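Heads up: the structure comes next, in structure tokens.
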């Protein structure tokens, strides 16, 4: 199974409306995205974080996506296996099945309960085509 399919299969707690969408993800140490990144200290790659944002958009629109441009990507903190990452975004529909989307990825601070402090993981600004 490819990394994209594993990510799409891992979408949990999805919610969405006409302008916003969100979901959660958690990946075990056996997740293909951790293989080789990095041996002995697995870290979720930035490309997987981008794929998570695309997966949330696909749920929102019930259509496939194609990344046209990463307008901006800031990767602020690492994600280790079994950490729950929240992906929340807003989007504007452009012409010809195109979207402009902005996403924030956060996780709970180590040892925090579900209502505890969150830590910024990444900020993404994307141009996406719906396919």
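Worth a mention:
- Spatial offset of segment 1-61 relative to segment 73-112 amounts to 10 Å, using the alpha carbon center of each.
- Cβ-based exposure ranking for 52, 98, in which fewest neighbours within 10 Å come first: 98, 52
- Among (1) 0.98; (2) 1.06; (3) 0.96, the entry derived from the coordinates for Rg/Rh (Cα atoms, Kirkwood Rh): (3)
- Within segment 76-108, backbone nitrogen closer than 12 Å to the virtual label 7 Å beyond the Cα of residue 19 toward Cβ: 90-93
- The length gained on full extension between residue 129 and residue 90, counted as 0.36 nm times the residue separation minus their Cα-Cα distance, comes to 12.5 nm.
- Going from the fewest other Cβ atoms within 10 Å to the most, the residues 57, 76 appear in the order 76, 57.
- Net length available on complete extension from residue 38 to residue 26 is 2.6 nm, with 0.36 nm assigned per residue and the Cα-Cα distance removed.
- Contour excess over end-to-end distance, with Cα ends at residue 120 and residue 3 and 0.36 nm allotted per residue: 39.8 nm
Where a number appears in this text, it was derived from the coordinates with a stated rule and is not lab data. Being a predicted model, the structure only gives us computed values, none of them experimental. Virtual Cβ from ideal backbone geometry, glycine too; neighbours counted across all protein chains shown.
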